[in-house]
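Read through the structure below, which is laid out as structure tokens, and then see the notes.
Every read-out reported here was derived from the displayed coordinates using simple, explicitly stated rules and does not represent laboratory data. These numbers come from a predicted model, not from an experiment. Quick reminder, even Gly has a Cβ in these numbers, built from the backbone with ideal geometry, and neighbours come from all protein chains shown.
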Ligand SMILES: *Cc1c(COP(=O)(O)O)cnc(C)c1O
């Protein structure tokens, strides 16, 4: 028996995209054409004929499909199977952990570090690159804090699209080298991610590339949306009480909220939806500030700095969509200190065996902090997002060594 159901990828599926819609103004745009931002300069959201999806797909049929994100084909934008860029986007595990001595509700880590290129950026980029291929794009550019660039490089190489990638100069070495090895052209830039984004904008004319920046094209959200679809299915279509999401550009939070609403409209999820909690670092918390000040948009965060590089995003084009999801879901936005992030990462690794990245650790720190503050109830069930494998990040030194020819002091080993 073949371990992978290749016939699933060999055939085409009915697709249900009806149009695209400006996330702010609500005006419509035709599907099957290349789009960046809306006329108002805001992200475009993909809309489906959800009634037709519900009529064409049932929950039982889903269980027979490969355990990868492409199982949700009817709720995804790619029209032709031949355009799918695929490197094994597996369903990621939910690891139930001890509750880290914080609450009494059940807590799971959704471990996204198992995805291709070691982070959940794979979800967004496999979709964006597949759509770029479908719409005839030959050259792509993107700013990145690291993981998105790595995922873009991998998927672009897999389908023969050229990729140009710009990173802040202090992007972790492992990410920059990974991008290079995966065949993209990568530059370190003396600035932060939004400065890199400006370069991508400036290069559009002379370089004729397509801008794949977070939320500046419509399809990365659709890829990240699969986190919400997957969670719903894994939880038997009854969602947990709270979801803690480390928020940078916010694609995942926006995507999951969109998934839950679509499932609700299809009648697949009937209970209450989770409270969405946007977690940021104290050194870069524009969404927290805007949330607390009751703003619809966030101001640029000056001098952004945190150990959690993936959420060091001083300005997000989808700020209003993040804030809308947080408010509609009755959630909130909160910030944690770098000290608590580092402490939480160590605690998870040493008490539960789960090696999470600093951004993932931020969600654990936030969970503990907000149980203490009372904003999360002790009894609420919670999902913490670990968005990348801890193995891609700097680790503490380990400098004990042993001379096997010398007498060994066994007593000293225990100290
Ligand atoms: C990109 C990234 C984030 C932030 O994700 P968004 O959906 O862009 O907010 C968090 N953690 C890691 C490890 C990332 O790479």
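Using only helices, what value at 222 nm comes out for the chain when you add -39,500 (n - 2.57) per DSSP H run of length 4 or more and divide by the total residues, to the nearest 500 deg cm²/dmol?
Numbers: 14 runs with 146 residues, N = 415.
One gets -10500 deg cm²/dmol as the mean residue ellipticity at 222 nm.
Which of rounded, prolate, oblate describes segment 146-283, given a ≥ b ≥ c as roots of the alpha-carbon gyration tensor eigenvalues and a/c under 1.5 marking rounded, otherwise prolate only if a/b is larger than b/c? In terms of gyration-tensor shape, prolate. Remark: relative contact order (the chain) = 16 percent; criterion is Cα-Cα distance under 8 angstrom and separation of 6 or more residues. For the pair segment 134-191 and segment 229-274, the centres of their Cα atoms are 29 angstrom apart.
Calculate how steeply helix 319-328 sits against the longest principal axis of the alpha-carbon atoms of the chain, using the helix alpha-carbon long axis, and give the answer as 0 to 90 degrees to the nearest 10. Roughly 80 degrees between the two axes. The long axis of helix 338-347 is offset from the longest Cα principal axis of the chain by roughly 80 degrees.
Sorting 147-160, 173-186, 315-328 by their mean Cβ neighbour count within 10 Å, with the most densely packed peptide first, gives 147-160, 315-328, 173-186.
Quick check: from the Cα gyration tensor, does segment 240-284 come out rounded (a/c under 1.5), prolate or oblate? Display every interim value, and only then the final one.
Working: a/c = 5.42, a/b = 2.14, b/c = 2.53.
Oblate shape, in that a/c is at least 1.5 and b/c is the bigger or equal ratio.
Based on DSSP, what percent of beta bridges with both residues in the chain are antiparallel, to the nearest 5?
Close to 35 percent.
Treat each spin label as a single point 7 Å out from the Cα along the C-beta direction, and report the residue 237 to residue 303 distance in nm. Taking the two extended label points, one gets 5.3 nm.
The calculated FRET efficiency for the pair residue 328 and residue 397, based on their C-beta separation and a Förster distance of 56 Å, comes to about 0.80.
Report the label-to-label distance for residue 404 and residue 39 in nanometres (one decimal), using points 7 Å from each Cα along the Cα→Cβ vector. So the label points at residue 404 and residue 39 sit 7.4 nm apart.
Could you list 347, 411, 359, 262 so that the one with the fewest beta carbons within 10 Å of its beta carbon is first and the one with the most is last?
With the fewest neighbours first, 347, 411, 359, 262 line up as 411, 347, 262, 359.
Count the DSSP beta bridges whose two residues both fall in segment 234-385, then state the antiparallel fraction as a percent rounded to the nearest 5.
On the way: 1 of 14 bridges.
The answer is about 5 percent antiparallel.
The residue 342 and residue 139 beta-carbon pair, evaluated with R₀ = 30 Å, returns a calculated FRET efficiency of approximately 0.15. Sorting 11-17, 383-389, 110-116, 400-406 by their mean Cβ neighbour count within 10 Å, with the most densely packed peptide first, gives 383-389, 110-116, 11-17, 400-406. Please state the shape class of segment 121-211: rounded when a/c is under 1.5, otherwise prolate if a/b exceeds b/c and oblate if not, all from the C-alpha gyration tensor. Oblate, since a/c reaches 1.5 and b/c is not below a/b. Here the simple spin-label model places points 7 Å from the Cα toward Cβ, and for residue 83 and residue 413 these points are separated by 6.0 nm.
Of the peptides 246-252, 121-127, how do they stack up when ordered by the mean number of other Cβ atoms within 10 Å, highest first?
Going from most to least packed, we get 121-127, 246-252.
Compared with the dominant principal axis of the Cα atoms in the chain, helix 219-234 is inclined by about 70°. Here the mean projected area of the convex hull built on the C-alpha positions of the chain is 23.3 nm².
Size descriptors for segment 6-75, from the alpha-carbon set: Rg then Dmax equal 14.8, 42 Å.
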